[in-house]
Amino acid sequence: MFKIDKPLPMPTEESAPFWEGTRRGELRAQRCDDCGHLRWPPAAICPICLSGRHEWVRLSGRGKVHSWIVVHKSQHPAFWGDPFNVAIVELDEGPRLHTNLVDVDLAAIRIGLPVEVAFDPQNDEITLPRFKPAA
Amino acid sequence: MDDPRQLSGKAAIAGVGLSRFGRVPGTSAMGFALEASASAIADSGIAKSEIDGVLVLMPAQMGEQHGWASRVAVHLGLAPAFCSTMDMGGASAIGMMQTAAALVHAGVCKAVLCAFGSQTNPQGILPTMFGSQFAIPYGDVGAMPFMAHVGRRQMHEIGITSEQYGAIAVAFRKHASRNPLAQKRDPMTLADHQASRWIVEPLHLLDCCLVTDGGGAIVVTSTERARDLRHGAAKLAGFGQVHSSEIVHPDRHEAGIGGGREAGDQAWRMAGLGPADVDVVQLYDGFTPLVVHSLIVYGFCRPDEVGAFVSAGELEFDRGRLPTNTAGGLLSEGHLSGFNHVVEAVRQLRGTSTSQVPDVEVSMVTGYGGAPHEAPPTVAYTVAILTR
Ligand SMILES: [Zn+2]
């Protein structure tokens, strides 16, 4: 049996500042210079006004659980093994992120649970933002 | 379009066909597309030379292959004036029929073949995992986690239970058990559903569609021409199509509703009909929560009544108010990307279903597909209303 590594992000022009942020312990998103829309996920163009001008702003890293599931059988062989949670967290600023919840029992997870970001370094370049129950 | 009704009933389905389907190793996606196409052309009785349009859905497993629709046309010995490969996932069959109807109405084509074939383990293709850098690293891969999130939100927002999902799966299996072509024909009980293993909580195995090798095809032409053909016209009275982003960008939708309602509204307006007029419906059922969602957004149930509706057997062909997925659906007949739903919708109008509803005048079919596993998830909803 050969082992397949879990896939890690390969940053693009649009997403590199996001991944640089997580490496430094900051959760960031793009805010449109022209209309002020805070967009997620990172993209070249604002979906409201089509402007390409934007700045990266730091987010609070706080939010609440919008949805959560437990994957028992993944389509991706790298995720075969013990069941694990996948959550969607709605940040206080609005964006909803796919993530995993850490430092929490499955039985304690519920929609609306307050959470905060927990940065999880994978290597020198990539740090994944996961979330834990808010202190 | 100023008046959506001007296209209503102008085009029709003249013929439908399915290839062999199920788990059929050693076959090819192209072979299934050709087999289904030949079957649909024969079913219609149209001369091959009359087909001057070809639309083909290329299966995702094949990766990027140029000119897929052209290849289907060449293998069938056709010389189309319009030929295009289309992809809206499970929304494609109806999206292709809508395109075909527009081509016929515009005078670009006289008869259009819409076709699909899929082999889940194709030769010569390295499996690729597609997914967003903002989803896949967390193990949020593919349609199953997406639909599990939809299910979790339905449980939270409208109080749907796993047993109510189970009632949907049981109803469709009952229909499949009467369909000699269906992939899963063994009877299923609610207890079987509840005992089936978790795939992605809150979804059990029996909440998920089958994995199927096979193909389907549809011949669309003018209603006038179809009337002179073998089975007459299954008129395309109404169409709807909307593209939506959910879960991550749900702010355009009411809580507990989600996207898709506009697709139904377009189809009702075009056909001049409403949910109460529907005699039988084929709802795109990749997963049981999608059936709940469709019953709400297409106007068959309010969010607070949908659970009781499915538990009361209202989807069953012989005792329900809304006979649904009467050949067994993607959950039990097979996953032919919704082509089998179109075929069954036509059978119901012709009176040839193995779970026939009496005196069908209005037969509805829906599609759903796209990139639910991306961030943001994007999906297409398609609707067609067929009449005699
Ligand atoms: Zn903008």
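The values are calculated or read from the model by the stated rules, or taken from the named source; none is laboratory data. These numbers were taken from a predicted model, which means no experiment stands behind them. All Cβ positions, glycine included, derive from the backbone under ideal geometry; neighbour counts span all protein chains shown. The area values use the complete protein model at the heavy-atom level, side chains included, leaving out ligands, DNA and RNA. Shrake-Rupley method; radii C 1.70, N 1.55, O 1.52, S 1.80 Å.
Taking K and R as +1 and D and E as -1, what net charge do the other residues with C-beta under 11 Å from the C-beta of A:ARG31 add up to?
Taking every other residue near A:ARG31 into account, the sum is 0.
Which trypsin sites (Lys or Arg not before Pro) in the range A:93-132 sit in a loop by DSSP (not H, G, I, E or B) and have at most 12 other Cβ atoms within 10 Å of their own Cβ?
A:ARG110
How charged is the neighbourhood of B:GLU344? Take every other residue with its Cβ under 11 Å from the Cβ of B:GLU344, and add Lys/Arg as +1 and Asp/Glu as -1.
After counting each charged neighbour, the total is +1.
For a quick size check, give me the Cα extents of the range A:60-135 along its three principal axes, largest first, whole Å.
So the extents along the principal axes, rounded to whole Å, are 34, 33, 21.
If the convex hull of the alpha-carbon atoms of the protein assembly as shown is projected onto planes in all directions, what is the mean projected area in square nanometres?
Result: 24.5 nm².
Just report the Cα centroid separation between the range B:147-166 and the range B:358-388, whole Å.
That distance is 20 Å.
Taking every pair of alpha-carbon atoms in the range A:11-58, what share in percent sits in each 5 Å bin, from 0 to the bin with the longest distance?
Once binned at 5 Å, the Cα pair distances of the range A:11-58 give 5, 26, 33, 21, 11, 3, 0.
Determine the residues within the range B:163-208 where the difference in accessible area between the chain on its own and the full set of protein chains amounts to at least 10 Å²; count protein heavy atoms only and use a 1.4 Å probe.
B:ARG197, B:TRP198, B:ILE199, B:VAL200, B:GLU201
Going by Cα centres, the range A:1-54 and the range B:303-357 are how many Å apart?
What the calculation gives is 43 Å, centre to centre.
Would you be so kind as to identify which of A:PRO9, A:ILE111, A:HIS37 lies farthest towards the positive end of the dipole of chain A, taking Lys and Arg as +1 and Asp and Glu as -1 on Cβ and the Cα centre as origin?
A:ILE111
With a 1.4 Å probe on protein heavy atoms only, work out how much accessible surface B and A bury together, total over both chains, in Å² to the nearest 100.
3000 Å²
Suppose every Lys and Arg Cβ carries +1 and every Asp and Glu Cβ carries -1, with no other charges. What dipole size does the range B:26-92 come out with about its Cα centre, to the nearest 20 debye?
100 debye
Check the protein assembly as shown for me: any Cys whose beta-carbon has no other cysteine beta-carbon within less than 4.7 Å?
Cysteines of the protein assembly as shown left without a disulfide-compatible partner: B:CYS83, B:CYS109, B:CYS114, B:CYS208, B:CYS209, B:CYS301.
What does the accessible area of A:HIS54 come to, in Å² to the nearest 10, when a probe of 1.4 Å is used?
Spelled out: A:HIS54, probe radius 1.4 Å, area about 60 Å².
What nm value, rounded to one decimal, do you get for the distance between B:LYS48 and A:ALA135 when each label is placed 7 Å out toward the C-beta?
7.4 nm
To one decimal place, what Kirkwood hydrodynamic radius in Å is obtained for chain A from all pairs of distinct Cα atoms?
Answer for chain A: a Kirkwood hydrodynamic radius of 16.1 Å.
Expressed as a whole percentage, what fraction of the accessible surface of chain A belongs to carbon and sulfur atoms when a 1.4 Å probe is rolled over the protein heavy atoms?
50 percent
Any chance you could get the radius of gyration and Dmax over the Cα atoms of chain B, in Å?
Taking only Cα atoms of chain B, I get Rg and Dmax of 19.4, 56 Å.
Reachable lysines from B:LYS10, Cα under 27 Å, same-chain residues fewer than 8 places away excluded?
Answer for B:LYS10, where 27 Å is the Cα cut-off: B:LYS48, B:LYS110, B:LYS235, listed by chain and number.
Take the Cα radius of gyration of the range B:296-346 and divide it by 2.2 N^0.38 Å, with N its residue count; two decimals is plenty.
1.23
Would you mind working out the accessible area per residue for the protein assembly as shown, using a 1.4 Å probe, and quoting it in Å²?
40 Å²
Could you pull out every residue, at least 5 positions away or on a different chain, whose amide H is within less than 5 Å of the one on A:VAL115? Hs are placed 1.01 Å off N in the peptide plane, and Pro or chain starts have none.
The list, which skips near neighbours in sequence, is A:GLY63, A:LYS64, A:VAL65, A:ALA134.
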